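The values are calculated or read from the model by the stated rules, or taken from the named source; none is laboratory data. Fair warning: this is a prediction, and the values are worked out from it, not measured in the lab. With ideal geometry, Cβ positions are generated from the backbone for all residues, glycine too; neighbour counts draw on all protein chains shown.
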Amino acid sequence: MTGPVTPKPSADIVTIVEAQRRDLQRDKRRQTLLFLGVLVVLVAVSGHLGEVSWQKFVNGIPRFGSYISRTLPPVSPETLWADLGRWMWAGGRWVGLLFDTVLIAFVATTLGVVAGFFLSFPAARNLAGGVVHYQLARRFLELMRTVPELVFAMLFVFAFGLGALAGVLAIALHTMGVLGKLFSEINETISDKSLEGVVAAGASRDQVIRLGVVPQVLPAFISYTLLRFEINVRSASVIGFVGAGGIGQELMFVINQFIYRDISAILLLLIITVALVDIVSEKIRHRILDGEQRR
Amino acid sequence: MLRIEGLTRRFGTVTALHDVSLTVEEGEFIGVIGRSGAGKSTLLRLINRLIEPSSGRIFFGDEDVLAKRGRALQDWRRRAAMIFQQFALIDRLSVLDNVLVGRVATVPRWRSWTLAWPLADRALAIEALDRLDMTDHALKRADQLSGGQQQRVAIARALVQAPRLILADEPVASLDPRSTRAVMDSLARINREDGLTVLCNLHHIDLARDYCRRIIGIHAGRVVFDGPVEALDAAAIALIYGQDGEE
Amino acid sequence: MTTAADRIARVSRTYPALLYPDPRKLWGRRAAWVAFVLAFLWASYHLGLSPMRFWTGFTDLWIIARQMVPPTHNGFWLDYLAALLETLAIAFLGTILASLISIPLGFLGARNVVPSFAIHFGLRRVLDVVRGVDTLIWALIFVSVVGLGPFAGILAIALNDTGVLAKIYAEAVENADRKAGEGVRSAGGSGADVARLAIWPQVFPVFLSNSLYFFEANTRSATILGVVGAGGIGFFLADRIRVNAWSDVAFIILLILPTVAAIDYLSRWLRKKAIGRHDAPGARM
């Protein structure tokens, strides 16, 4: 392909390459067509089920544009600060609610991690005490992972009343399910051979886990935990839709009441909060993992 | 001191160890030799109870080793310290903590969970490392050491277990010749100075000749030679290593 | 035999630095733990979480759990099934739409295809904003824009996924083997030729595999879109919870769980197949 440059050879080479490609893919083409056919049928059926029509797109997209533009505050250079001040008229309260949102994510992540940590050992094939423990732990984690947080939140709002408790418990249960499974998969990468030294020294089962397993899996656990915390901040921003605390309730109110300026103001603050949490979490993750490498 | 009677272990249809009986006296340095897969490793693992026998009995003094459960079993494992071919250290723990793992059966649970080892145990571990010339590396992570150094850490861990017996399963098979000497010398010194009984699986006859006073030869799961190292003649070696696997 | 005290005294003379753990590290770690526990307790207090409320609520939870057995549908099972199909349709169309939008955005956002810093940077910031807002918030907004129903849900999923998928696609394009691109370029191919001939075969399996993965995740999120009126099974779920019809709630949850599990399984199977099938031609190029 990097041969001598003679006048106008390039088109030939491209055609040769194209021809070769065509040869290679000719037998694949039928399969690809079949795949596309199935896809088209599925799209058509789903489109029917989802009540989609071109008309809706044609009408909807401009309307989304005007919706967005209506949420933007009028800002002129002369009265910049006054305009911004009017836009963020309830800024203090919103920041407080966002702070609560982050706290909900923090408390829920902590609870979920602790529970998921302890369940991840019976849920790991190589560390479970027996088939019964293993199956019980696995199935339980699976259930907690599959039921959406918002469903838990709705149930808990009924049981515990409106407020953050319901949200914290909902997110904590889901986190336990997700992290418990991830942790157990990390545990399963530990070879029995590396644990033999601890077993043969006379350690009991929990000591084998503490001394043999935990030091090896901890960096990965911490990394996943911080990632989950970032996700949980996002979840905590919507559990207020069902009355389970955080910024969600206020956000739902202003969207449903079409208070356009407040929508953009709250969303801006929310995006900033999420970005800040992501940055801080990333910093911590890098510091812990680097420290682990250096030691 | 250690009495083994009719010990048999089957893995599925394969009999790894067949009707082994032997007696070990206090302070012996015994080399267990044989081809790989002959059952040497199975024998040591059975004694430490890492695996369970299909039949047979093991006595230590008048204790029935195979009857031990729970705390008693953990205490037995502490007294029958194992050393492994691949060292079996925890890579991400410091050398000192790895040695202190040897104290796990003797400390309260909260101490092993928080790695808050008693001062006396730390002193014991440091002295063990000192005997093996490893104190310079005490605070390094175990995976930063060479193979020979890791094996010496493993020996230190065995020492702090305050064992009655050291079961070394191919301790030098993964090491270069110089480390091999260092590790075998350490084992010999421990045997000499502390009077600790050592059972050492070895692949090489030469090493067995240099370090062991008694040799147990295993062929295809059976003990085919058991006697002083002087009695290990060409005929015995042929029996142990076999020209081809009969039986 | 030496006593423990003798041994400690001896080692404290020879190796004092080893005998006592580094106090700075030790107390640093303890302080960090205490700070963490205090932060946790303060946050719990600030949020009004109290063990008392937890226990009283627990009895209510027990009542719910008891009333969930046995699950019933009260003759609504056909409606539930239809809503479940609608949920799948929302997830599927949302993913397709997001993938179609993300393909051009992925090439535009890749540094090796579009060298303009302004386009690259601007696009990524817009995607960050789209991604920072949860799907459910977008769903609520789209309900305001296009009205109640599954269409709002489809748009919400498509928009949120575009924020993530376009970024992943762009990274895949950037990671595509440069040598293949140089080969086509040295043969006189234009930028578009490079994209079509050299990069596309390599990134297509990555695109496909990620889209399948997102379909899986979207099936989960689509089950709750109905809570804000954006279509699917979530509408019935929220409604039955609102009127405390717990046995119906249990029935719906029992419908959702195997559906999600089946989609997980299908997606994993297809992903394995997609990667296996498209790997070879990309490598041969």
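Of the listed requirements (1) more than 14 Å from chain A (Cβ to nearest Cβ); (2) on the phi < 0 side of the Ramachandran plot; (3) in a loop (DSSP other than H, G, I, E, B), residue B:57 misses just one: (3).
Screening residue C:117 on (1) within 27 Å of residue A:272 (Cβ to Cβ); (2) within 11 Å of another protein chain (Cβ to nearest Cβ) shows it passes everything except condition (2). Scanning the stretch C:112-156 for residues that are of a type outside the set (A, V, I, L, M), under 24 Å from the mean Cα position of the chain (by Cα) and not in a helix (DSSP H, G or I) gives C:134, C:149.
To keep it simple, each residue is scored yes or no on (1) crowded, with 18+ Cβ neighbours inside 10 Å; (2) under 20 Å from residue A:207 (Cα atoms).
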{"site": "B:67", "(1), (2)": "no, no"}
{"site": "B:122", "(1), (2)": "yes, yes"}
{"site": "B:128", "(1), (2)": "yes, no"}
{"site": "B:141", "(1), (2)": "yes, yes"}
{"site": "B:156", "(1), (2)": "yes, yes"}
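Residues in the stretch B:189-247 that are among the hydroxyl-bearing types (Ser, Thr, Tyr) and part of a helix (DSSP H, G or I): B:211, B:241. Identify the single condition in (1) surrounded by 10 or more Cβ atoms within 10 Å (Cβ to Cβ); (2) in contact (Cβ under 8 Å) with a residue 40 or more places away in the chain that residue C:70 does not satisfy, given that it satisfies every other one. Exception for residue C:70: condition (1). Among the residues examined, residue A:121 qualifies as crowded, with 21+ Cβ neighbours inside 10 Å, out of contact with any strand residue (DSSP E or B) (no Cβ under 6 Å at 6 or more places or on another chain), aromatic (Phe, Trp, Tyr) and touching a residue at least 24 places away in the same chain (Cβ under 8 Å). When the criteria are applied in full, residue B:153 meets the requirement of being assigned to a helix (DSSP H, G or I), within 12 Å of chain A (Cβ to nearest Cβ), out of contact with any strand residue (DSSP E or B) (no Cβ under 8 Å at 6 or more places or on another chain) and of a type in the set (A, V, I, L, M). Somewhere in the stretch A:96-108, is a residue in contact with an Asp or Glu (Cβ under 8 Å, 6 or more places away or on another chain) and in a helix (DSSP H, G or I)? Yes, there is a match, as at least one residue in the stretch A:96-108 is in contact with an Asp or Glu (Cβ under 8 Å, 6 or more places away or on another chain) and in a helix (DSSP H, G or I).
The selection criterion, being buried (at least 20 other Cβ atoms within 10 Å of the Cβ) and over 21 Å from the mean Cα position of the chain (by Cα), holds for residue C:237. Scanning the stretch B:217-247 for residues that are within 11 Å of residue B:29 (Cα to Cα) and either modelled with pLDDT under 90 or surrounded by 11 or more Cβ atoms within 10 Å (Cβ to Cβ) (or both) turns up just one, B:229. Taken together, the residues in the stretch A:230-249 that are buried (at least 24 other Cβ atoms within 10 Å of the Cβ) and either of a type in the set (A, V, I, L, M) or in contact with a Ser or Thr (Cβ under 7 Å, 6 or more places away or on another chain) (or both) amount to 11. Considering the stretch C:260-277, and only residues there that are within 13 Å of chain A (Cβ to nearest Cβ) and at pLDDT 80 or above, the residue that is nearest to residue C:223 (Cα to Cα) turns out to be C:260. Tallying residues that are of a type in the set (A, V, I, L, M, F, W, C) and in contact (Cβ under 8 Å) with a residue 40 or more places away in the chain within the stretch B:216-231 yields 5. Within the stretch A:184-206, can one find any residue that is at the interface with chain B (Cβ under 8 Å from one of its Cβ atoms), surrounded by fewer than 20 Cβ atoms within 10 Å (Cβ to Cβ) and closer than 17 Å to residue A:119 by Cβ? Yes - at least one qualifying residue is present in the stretch A:184-206. Among the residues making up the stretch A:161-183, those that are over 18 Å from residue A:120 (Cβ atoms) and surrounded by fewer than 23 Cβ atoms within 10 Å (Cβ to Cβ) are A:161, A:162, A:163. Applying the condition of being at the interface with another protein chain (Cβ under 7 Å from one of its Cβ atoms) and basic (Lys, Arg) to the stretch B:72-108 and asking which residue is surrounded by the fewest Cβ atoms within 10 Å (Cβ to Cβ) yields B:92. Exactly one residue among C:158, C:172 is within 19 Å of residue C:205 (Cβ to Cβ) and out of contact with any Ser or Thr (no Cβ under 6 Å at 6 or more places or on another chain), and that residue is C:172.
One line per residue, one yes/no per condition, for (1) modelled with pLDDT of 90 or more; (2) under 29 Å from the mean Cα position of the chain (by Cα):
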{"residue": "C:187", "(1), (2)": "no, no"}
{"residue": "C:196", "(1), (2)": "no, no"}
{"residue": "C:199", "(1), (2)": "no, yes"}
{"residue": "C:202", "(1), (2)": "no, yes"}
{"residue": "C:208", "(1), (2)": "no, yes"}
{"residue": "C:229", "(1), (2)": "yes, yes"}
{"residue": "C:232", "(1), (2)": "yes, yes"}
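Of all the listed residues (B:97, B:185), the sole one being free of Cβ contacts under 8 Å to residues at least 60 places away in the same chain, among the charged types (D, E, K, R) and either part of a loop (DSSP other than H, G, I, E, B) or closer than 30 Å to residue C:30 by Cβ (or both) is B:97. Is there a residue in the stretch A:69-88 that is part of a loop (DSSP other than H, G, I, E, B) and touching a Leu at 6+ places or on another chain (Cβ under 6 Å)? No, that holds for no residue. Report those helices (runs of 4 or more DSSP H) wholly inside the stretch C:1-79 carrying at least 2 residues which are modelled with pLDDT of 85 or more and within 13 Å of chain A (Cβ to nearest Cβ). The qualifying helices (runs of 4 or more DSSP H) are C:23-46, C:51-68.
When the stretch B:188-247 is filtered for residues that are under 18 Å from the mean Cα position of the chain (by Cα) and more than 22 Å from residue B:171 (Cβ to Cβ), nothing remains. Out of curiosity, is residue C:235 aromatic (Phe, Trp, Tyr), assigned to a helix (DSSP H, G or I) and under 27 Å from residue C:103 (Cα atoms)? No: the conditions fail for residue C:235.
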